[in-house]
Every structure is written in C-alpha cells, then in structure tokens.
Amino acid sequence: MGALDRQWFYRGFRKKLRAAYGRESGDALWKEAGREYADTLSQQPTLRRHKGAMALPAVALYRVLARHGSDAEALLNAYGDDMGRRFQRLVRLVTRLPGVPELIWWHVAGIMDRMSGEALGYRRRIVSQPPEMYGVDILSCPYHELAKQLGCERAVLCICHMDKAYMQGFRRIRYERTTAVSEGAACCDYRLRFDKDRQ
C-alpha cells in the first residue's frame, strides 16, 4: 500500500482515474501521484504535521494530472462533489433523528470552532451569532495556504466542493456560502440559519 492509499479522503480517486483512463493508465497515474506525495513529504517532513496536510494529496494528484495534460482541476472538483454528496447523505440520515438538528444548532458556534477554528490554522471573523444566524468569514484557510505555498492553489478547490455539497444535507439548518478564498475571494462566507421547515 502506497502513501496515497492511506489517505482516506482521496482513496476513492483511484477509481475515478480508472474510469477516465482505463485500469492500467489510471493505476499508473495513481502510483506516480503517490511517489509525488511521498517525495514532497521526504523533502519537507514538517508538512506531515501541517494543519493543512489534507491538501498535500490533492497537490500531488493535481501536479501529475497536469503533467499528463489532463484537466486536473475538473477531475478533482468532480471527485470533491461526489464525496460531498456521500457525506450529505450521512448528514441527512443523522439529522433525521428527533432533536438532532436542534442540538446541532444549539452548539453550532462550538462545532464550527472545532471544524474551522484558529487552533486548526484558520483566520476568521465572526459576523453573527445565533439565534438569528451563525455567520463566519474565513479569511485564511490552511489547506489553501499550503497549496499556494506549493504552487498549486487550485488543487484544493476539491475540498471546497466537498464542503459545499455535504453542508446542504442538514435538516432544519440552511447553509449558504457564495465565496471562497481558494477561488480568489477575500473570504469564505459561511452563513447558517435555523429553519424548522427545511426538510
């Protein structure tokens, strides 16, 4: 098992490569990306503990696909959408349980802090607090910053795609995000509102 195979979020991307290029070529691209990922870690071992380390596999895949003339961004973003829809179904199931959406909303500030707080390397500005709306502007994201440092800032858009898709799965919590730092905006504008009629 290669270094890339151990990355839970990206593991399924190998199937995408096989579907797009055939089994043999897809596996060759996957192995090349695995070597790219391992080389980056061996050259910069401190990145193993970087708060944005989930960006590294995306950067490796992006570099390899781009070298071979593929539309790396489109392939990775489509994968992010697929993963987001998978997580969305899980979120929808969990939030169907009685009282769960209300419990999440009651603790939304703490949950968002654990998911995108400064301890994880984000810089953010709280715009509003419940009960009306929880709003936060993410001013700097560790995934985007690391990808930018490695010269592949567009590689992490797949994480943004996953995020945007799965956040639509919450029952009774309406989610909006219209901008993203990885798309060149000043912030990622997360807005969550409790909506008892949202199914």
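The values are calculated or read from the model by the stated rules, or taken from the named source; none is laboratory data. Bear in mind the structure is a predicted one, so any value in this text is a computation, not a measurement. Cβ placement follows ideal geometry from the backbone for every residue including glycine, while neighbour counts extend to all protein chains displayed. Note: accessible area is taken over every heavy atom of the protein model, side chains too, but ligands, DNA and RNA are not part of it. Shrake-Rupley method; radii C 1.70, N 1.55, O 1.52, S 1.80 Å.
Just for region 68-88: of the residues that are more than 16 Å from the chain's Cα centre (by Cα) and loosely packed, with under 15 Cβ neighbours inside 10 Å, which one is nearest to Gly26 (Cα to Cα)? It comes out as His68. Tallying residues that are closer than 16 Å to Tyr134 by Cβ and either open to solvent by 40 Å² or more (accessible area, probe 1.4 Å) or among the β-branched types (Val, Ile, Thr) (or both) within region 179-194 yields 3. Among the listed residues Leu120, Leu146, identify the single one that is buried (at least 20 other Cβ atoms within 10 Å of the Cβ) and under 19 Å from the mean Cα position of the chain (by Cα). Exactly one residue qualifies, and that residue is Leu146.
Condition check ((1) buried (at least 16 other Cβ atoms within 10 Å of the Cβ); (2) at pLDDT 95 or above) across all residues:
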site	(1), (2)
Pro130	no, no
Cys141	yes, yes
Arg154	yes, no
Cys160	yes, no
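Could you pull out every one of the strands (runs of 3 or more DSSP E) wholly within region 95-198 that has 1 or more residues that are among the basic types (Lys, Arg) and more than 25 Å from Ala55 (Cβ to Cβ)? Working first, answer last.
Numbers: elements: 123-128, 134-140, 173-177, 188-194.
Filter on region 95-198 gives 173-177, 188-194.
Selection over region 89-108 of residues that are of a type outside the set (D, E, K, R), open to solvent by 60 Å² or more (accessible area, probe 1.4 Å) and more than 21 Å from Gln129 (Cβ to Cβ) gives a count of 5.
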